[in-house]
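A quick write-up on the structure given underneath.
The values are calculated or read from the model by the stated rules, or taken from the named source; none is laboratory data. None of the values given here were measured: they were computed from a predicted structure. Here the Cβ is made from the backbone with ideal geometry for all residues, glycine too, and neighbour counts use every protein chain on show.
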Amino acid sequence: MARDTAKADQLKAEGNKHFQSGSWVVAESFYSKAIIADDTNPALYTNRAMARLKLQYYDEAIADCQACLRLNKNSMKAYHILSQAHQALRNFDDALENALLAHAICAETNDKSLSPITAQVLTCKKERWDQLEKRRIREGQELENETISLMERERDSMLESCGDDEIERKQVAEEWDTKIGRLRETFERARVESEKRREVPDWAIDDISFGIMVDPVVTKTGKSYERASLMEHLRKHPSDPLTREPLQPSELRPNLGLRQACEDFLAQNGWAVDW
């Protein structure tokens, strides 16, 4: 089938108008017609994916992004939409993976979307941590219940073996009740300890946005900042936030050690994203 790029562009423009006005069903229809006119334009797939994301057609949005990436493997927009769609489907591992891919492309190209994509990375980390934390709590409660149930059955079996000897039955019951009580206390102490919220270390905090750093970079003075917030600062004021001396994006260097430390901290303290 021959491509009609002019018709595709016209249909895309119509779709954009309806998307901006909130008419996502109509926009999705125009983008679909544009794809029929030119199925080799990766931007058409991400535009339709955005409309489908608004319509909560998450699987279809994912399929569009995958089609886009087959045509353009470096589409930051496709990875960003994929992240949002997987997030809505509660596939948090996939959501985080795609958010990080979008972030890497965004940082490399110095795209202005770096701030919202950085926020998406943090959101995915937080929601993934919440999901794992809920599973941990549920599994811990199940383990506690199963262990206590086993001990109670063992206690009841021993009581039966005591026959009519009330003194022995009383001693056995007291011994097992003490054991079960201690076990409950142990689980409770572990529960309280795990729910304690630790302070966020100063080294993990960005001095511009005051949030947890995802991609820290170092200036000429040796000071580290979150890449997204520093790039936003440099667009408005091309100078070092601390010394006010001239500073260009090309002079920044990634702080890989600090980045790993922040990742490790968030992996164990997902609550810190909301700090």
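Below is a table of values for the structure above.
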quantity: Subset of the stretch 55-86 (residues that are in contact with a Pro (Cβ under 8 Å, 6 or more places away or on another chain), assigned to a loop (DSSP other than H, G, I, E, B) and crowded, with 18+ Cβ neighbours inside 10 Å); calculated: 75
quantity: Criterion violated by residue 111 - all others in (1) in a helix (DSSP H, G or I); (2) out of contact with any strand residue (DSSP E or B) (no Cβ under 7 Å at 6 or more places or on another chain) satisfied; calculated: (1)
quantity: Candidates 70, 3 - the one that is in contact with a helix residue (DSSP H, G or I) (Cβ under 9 Å, 6 or more places away or on another chain) and modelled with pLDDT under 95; calculated: 3
quantity: Filtered residues of the stretch 135-169 (kept if over 30 Å from residue 90 (Cα atoms) and either basic (Lys, Arg) or in contact (Cβ under 8 Å) with a residue 60 or more places away in the chain (or both)); calculated: 153, 155, 169
quantity: Subset of the stretch 237-251 [out of contact with any helix residue (DSSP H, G or I) (no Cβ under 7 Å at 6 or more places or on another chain) and in a loop (DSSP other than H, G, I, E, B)]; calculated: 237, 238, 240, 242, 243, 244, 245, 248
quantity: Filtered residue count, the stretch 164-221, keeping only those that are among the hydrophobic types (A, V, I, L, M, F, W, C), over 39 Å from the mean Cα position of the chain (by Cα) and surrounded by fewer than 13 Cβ atoms within 10 Å (Cβ to Cβ); calculated: 1
